[in-house]
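The values are calculated or read from the model by the stated rules, or taken from the named source; none is laboratory data. As the structure is a prediction and not an experimental result, all values here were calculated from the model. Here Cβ is always computed from backbone atoms with ideal geometry, including for glycine, and neighbour counts include all displayed protein chains.
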Amino acid sequence: MMLTDFPLFPEQASTVAHQVDALYIMLTIVTGLAIVYRRRPDNELDQEEEAPKALEIAWIVIPFIFFMATFVWGSWLYFELARVPDNALDVYATGKQWMWKFQHPSGQREINELHVPVNRPIRVTMASEDVIHSLFFPYFRTKADVLPNRYRTLWFQATKTGRFHIFCAEYCGTLHSGMIGWVEVMEPTDYQKWLAGGTEGSLASQGEKLFQKYACATCHTNDATARGPVLLGLFGKTVTLSDNKTVVADENYIRESILNPQAKLVQGFGPIMPTFQGQVSEEDLLKLLAYIKSLTPPPKG
Ligand code: CUA
């Protein structure tokens, strides 16, 4: 890729891009001013002379207000980026030396390509198969580290259709710079057509097959007296552990419970589940996760 393909300020193609740029430009200007008007020998005040009170108050109060405003602005943007909208579409990403693998709940899989609809928040749940990577969408002004031992999420809402760069933004070995890809932002109707092209069955149904393959169903039946906890309706619930602590059954809890079942034992159950560390790939873990997420009890009439 030539440098000219990638401008210093790529097009703003997400809902937060303007905000991120505005904060960045403001901080750059303020830093520039601080350098221009720094203290030099020739503009130092005479030590003998006392500054007027009003001036002293002004140089304490004005910077204080300015820094508080910067803090509030920065935190507001941080929470904006951290809080995933409720109606977000799920996409799963796996980083691996040196490629990006994406899985969609409908079952589609892609490598170094990600198809998403425009004007819709997308939640990306990410894990790494090896070292730390960082999933970076420069046109959407969002980026997050992808870690080998836990799930992380980021979200974006694209505001323009087109093809936009994906980069790895964390040095991860020899071919780090080649760990790149493209987001294809599509009109919702085109996206539906693209989704309909899949043949493997939904991610949850692929997860259900793995659930059978690994014989999870032997212990995790829907019977409360079974050897393993009931998984129906588990996702998002609060679970009481054997040490009376509680934990919310989120993505990371389920991941840990598959890979290291003894780490957080559910109250009333013995340490009988074998570990699946090293036996289930990241992609298969995401399928199992999608399956367990899909196990919602029928609404009570
Ligand atoms: Cu992956 Cu750098």
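What is the one condition in (1) surrounded by fewer than 10 Cβ atoms within 10 Å (Cβ to Cβ); (2) under 21 Å from residue 184 (Cα atoms) that residue 39 does not satisfy?
Tallying (1) surrounded by fewer than 10 Cβ atoms within 10 Å (Cβ to Cβ); (2) under 21 Å from residue 184 (Cα atoms), residue 39 fails exactly one: (2).
Rundown of residues vs (1) out of contact with any strand residue (DSSP E or B) (no Cβ under 9 Å at 6 or more places or on another chain); (2) outside any helix (DSSP H, G or I); (3) of a type in the set (A, V, I, L, M), yes/no style:
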residue	(1), (2), (3)
22	yes, no, yes
33	yes, no, yes
57	yes, no, yes
79	yes, no, no
92	no, yes, no
102	no, yes, no
119	no, yes, no
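For the range 138-162, which residues satisfy the criterion of being outside any loop (DSSP other than H, G, I, E, B) and among the hydroxyl-bearing types (Ser, Thr, Tyr)? Let's see the steps before the verdict.
So the first thing to find is which residues in the range 138-162 are outside any loop (DSSP other than H, G, I, E, B), and the list is 138-140, 142-146, 152-158, 162.
Listed by number, the residues that qualify are 139, 142, 153.
Counting only residues that are within 16 Å of the ligand (Cβ to nearest atom), in a helix (DSSP H, G or I) and either under 29 Å from residue 280 (Cβ atoms) or not polar (S, T, N, Q) (or both), how many does the range 170-190 have?
Residues meeting the conditions: 2.
Quick check on my filter: what residues within the range 77-103 are of a type outside the set (Gly, Ala, Ser) and within 16 Å of the ligand (Cβ to nearest atom)? Explain how you work it out, then say what you get.
Going through the range 77-103, the residues of a type outside the set (Gly, Ala, Ser) turn out to be 77-81, 83-87, 89-92, 94, 96-103.
94, 96, 97, 98, 99, 100, 101, 102 - these are the residues of the range 77-103 that are of a type outside the set (Gly, Ala, Ser) and within 16 Å of the ligand (Cβ to nearest atom).
Does the range 104-118 include one or more residues that are within 16 Å of the ligand (Cβ to nearest atom), out of contact with any Phe, Trp or Tyr (no Cβ under 6 Å at 6 or more places or on another chain) and under 19 Å from residue 288 (Cβ atoms)?
Scanning the range 104-118 turns up no residue that is within 16 Å of the ligand (Cβ to nearest atom), out of contact with any Phe, Trp or Tyr (no Cβ under 6 Å at 6 or more places or on another chain) and under 19 Å from residue 288 (Cβ atoms).
Please go through the range 279-297 and pick out each residue that is farther than 13 Å from residue 214 by Cβ and not acidic (Asp, Glu).
Filtering the range 279-297 for residues farther than 13 Å from residue 214 by Cβ gives 282-283, 286, 289-290, 293-297.
Correct list: 286, 289, 290, 293, 294, 295, 296, 297.
Here is a check on your reading of the model: is residue 199 within 16 Å of the ligand (Cβ to nearest atom), among the β-branched types (Val, Ile, Thr), at pLDDT below 95 and surrounded by fewer than 18 Cβ atoms within 10 Å (Cβ to Cβ)? Steps first, please.
Working: within 16 Å of the ligand (Cβ to nearest atom): no; among the β-branched types (Val, Ile, Thr): yes; at pLDDT below 95: yes; surrounded by fewer than 18 Cβ atoms within 10 Å (Cβ to Cβ): yes.
No; evaluated as a whole, the condition is false for this residue.
For residue 193, only one of the following conditions fails: (1) in contact (Cβ under 8 Å) with a residue 40 or more places away in the chain; (2) assigned to a helix (DSSP H, G or I); (3) more than 22 Å from the chain's Cα centre (by Cα). What is its number?
Every condition holds for residue 193 apart from (1).
Which of the numbered conditions does residue 42 fail, given that it passes all the others? Conditions: (1) away from the ligand (no atom under 16 Å from the Cβ); (2) acidic (Asp, Glu); (3) in contact with a helix residue (DSSP H, G or I) (Cβ under 9 Å, 6 or more places away or on another chain).
Here residue 42 meets the rest and fails (3).
Could you tell me whether the range 162-169 includes any residue that is away from the ligand (no atom under 16 Å from the Cβ), of a type in the set (A, V, I, L, M) and buried (at least 18 other Cβ atoms within 10 Å of the Cβ)? It would help to see each step written out before you state the result.
Of the residues in the range 162-169, the ones away from the ligand (no atom under 16 Å from the Cβ) are 162-164.
Adding the requirement that they be of a type in the set (A, V, I, L, M) leaves none.
Scanning the range 162-169 turns up no residue that is away from the ligand (no atom under 16 Å from the Cβ), of a type in the set (A, V, I, L, M) and buried (at least 18 other Cβ atoms within 10 Å of the Cβ).
Which residues, taken from the range 272-301, are basic (Lys, Arg), at pLDDT below 85 and under 16 Å from residue 222 (Cα atoms)?
Residues satisfying the conditions do not exist here.
Sort out which residues of the range 134-161 are more than 23 Å from residue 11 (Cα to Cα), touching a residue at least 40 places away in the same chain (Cβ under 8 Å) and either more than 16 Å from the ligand (Cβ to nearest atom) or of a type in the set (D, E, K, R) (or both), and write them in order of number. It would help to see each step written out before you state the result.
First, pick out the residues of the range 134-161 that are more than 23 Å from residue 11 (Cα to Cα): 146-153.
Subset that is touching a residue at least 40 places away in the same chain (Cβ under 8 Å): 146, 150-151, 153.
Scanning the range 134-161 gives 150, 151, 153.
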